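First comes the structure, then the notes that go with it.
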Amino acid sequence: MPEAMNGAESLVRTLIVGGVNVCFTNPGTSEMHFVAALDKVPGMRCVLGLFEGVVTGAADGYYRMLGRPASTLLHLGPGLANGLANLHNAKKANSGIVNIVGEHATYHIAYDAPLTADIEGVAAPMSHWVKTSPSSRTVAADGALAIEAARQIPGHIATLILPADTAWGPASGPVEPAPLPAPAHVSDDAVKAAAAMLRSGQRATLLMGGDALRQRSLELAGRIAAKTGCGILTEGANSRLERGAGRVQVERIPYVVDRALSVMRAAGNLVLVGAREPVAFFAYPDKPSLLMPQDARSTQLASQTENIEAALEALAIELGAMRTAPAGIAAPRRPALPTGPISPPAIASVLGAMLPENVIVVDESVTTGREFFPETAGAPPHDWINNRGGSIGYGMPVAIGAAIACPERKVIALVGDGSAMYTLQALWTMARESLAVTVLIFANGTYNILRGELTNVGVRNPGPRAVDMLSIGRPDLGWVALARGMGVEATRVETCEELAKALGAGLRTHGPYLIEVAL
């Protein structure tokens, strides 16, 4: 091993040996030795974000598409704190991430310098695994443990804290992580219980989540549905759903509680496949938290920690459904391009008419996009990503990670104007990396979802101050100027004809393109 290897270099080499070869970064002084190691050691792609929420969200999007973790590089406790909202979303999406967080040198912490913080305490709520390296000699081994933690099934958030002197002190390495364990197989009892529920004669539905939403698993679910007459639903938000023409079409549980309750009454009993019993996003007066009817039952076929595809195949075999043609295959369908004023249904039709094959759609359209699924179901095969954690500002950063993970594919990010302002800096990274991301900003000048929530929680006739707190006008946001200031080509559209033309231009562009959709 090279005599001059320090702890930071041993960690970078360990990450690369462990298959972690992309680092989304926003470093500071305490991370300078790690930055130097990234420059010295070949094999690591480094992507700079101007805000830590962009960094952590990009790592989430990368995992969702490839199923393997990237790393982040964050500066001390405040830098980590800036990235926590999108780490929350990543944790809810079961995305594996290796966070590298700098810390003051061990001997400096006692002096309570301005940036001193309880980094382990900050990390704990949004991490499954947290450790501070005690010595430069242990950094490589600690890095291997972090990779092992992040590669769990489902993915985990691993946060390794690197004091500056452990980064610059002498070390050896790299250390290769232990092999990834195979996911556990479900028990025969779980398969038989699910089969019994589907054979009972009572209405039942497969509620699908996680890896159950890949094409092969959906096909098996379609065979089971054709054999038994059961329904198929997904949770309201999914980490990644493979959908489009030729694939089994599934609907989501609606966000609005009254609509969700109606859907769940029709669903009956639930066979949980990588999902859990559905709950409302928030509590509302005089409405239930659990969305299942009181007389409905559930049984778990497979959890997120188990081999979901194998579980569905075992269930299909148990039911004699393997030779049954799948139900619910989406037929190819392209809606006619609409004309005239832009509305949410018109946007759905434009998307359905123009989504290219194999596109990745990152959806943070909140209220505007609630009806996008029916009109896009017959588009060519594509992936659809939702916000599992609900913390806004996830859409554009996740689109960055998806584009870096799959450079041969187009990415479309559907984002509300209020949400987009949380991580506006993502546009700069898209431009810097020349990422093929087309961003649609739905510019209605308001936190539109909260206007509905005022009514949902029982507030009637809100006054001008309440309404003003839900508006993001005065001044209006100029998205074309904001995007161009970040190096992204942009245009504003006010009609369906302009939207279709702009979307076509964005999809033909090799780099990022932003469309401000006036609503």
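The values are calculated or read from the model by the stated rules, or taken from the named source; none is laboratory data. Quick caveat, the model's predicted, so the values are computed rather than measured. Neighbour counts run over all protein chains shown; Cβ positions are idealised from the backbone, glycine included.
Pairing residues of segment 361-383 that are over 22 Å from A436 (Cα atoms) with residues that are among the charged types (D, E, K, R) and in a strand (DSSP E or B), at Cβ distances under 7 Å and at least 6 apart in sequence or on separate chains, gives F373/E251; F373/R252; A377/R243.
If you go through segment 107-156 one residue at a time, how many are under 26 Å from E9 (Cβ atoms) and of a type in the set (D, E)? Of the residues in segment 107-156, 3 are under 26 Å from E9 (Cβ atoms) and of a type in the set (D, E). The residues in segment 359-409 that are aromatic (F, W, Y) and assigned to a strand (DSSP E or B) can be counted, and the count is 1. From the list G378, G395, G389, exactly one residue is closer than 30 Å to F51 by Cα and either among the charged types (D, E, K, R) or surrounded by fewer than 22 Cβ atoms within 10 Å (Cβ to Cβ) (or both). Which is it? Only one candidate qualifies: G389.
Any chance segment 291-310 includes a residue that's part of a loop (DSSP other than H, G, I, E, B) and of a type in the set (D, E)?
Yes, segment 291-310 contains a residue that is part of a loop (DSSP other than H, G, I, E, B) and of a type in the set (D, E).
A search for C-beta distances below 7 Å between a residue of segment 222-251 that is under 28 Å from Q202 (Cα atoms) and among the acidic types (D, E) and any residue that is in a loop (DSSP other than H, G, I, E, B) and modelled with pLDDT of 95 or more, counting only pairs 6+ apart in sequence or on different chains, returns E235/G209; E235/I253; E235/A275; E235/P278.
One residue alone among L427, L414 is more than 16 Å from G485 (Cα to Cα) and buried (at least 24 other Cβ atoms within 10 Å of the Cβ), and that residue is L414. Taking the criterion of being surrounded by fewer than 20 Cβ atoms within 10 Å (Cβ to Cβ) and assigned to a loop (DSSP other than H, G, I, E, B), the residues of segment 334-352 that qualify are R334, P335, A336, L337, T339, G340, S343. Of all residues in segment 308-329, one or more are acidic (D, E) and closer than 23 Å to G246 by Cβ.
Of the helices (runs of 4 or more DSSP H) lying entirely inside segment 105-203, the ones with 3 or more residues being buried (at least 21 other Cβ atoms within 10 Å of the Cβ), not hydroxyl-bearing (S, T, Y) and not assigned by TED's automatic domain parsing to the domain that holds E31 are found at 188-199.
Among the residues of segment 249-297, those that are at positive phi and at pLDDT 95 or above comprise G268, G274.
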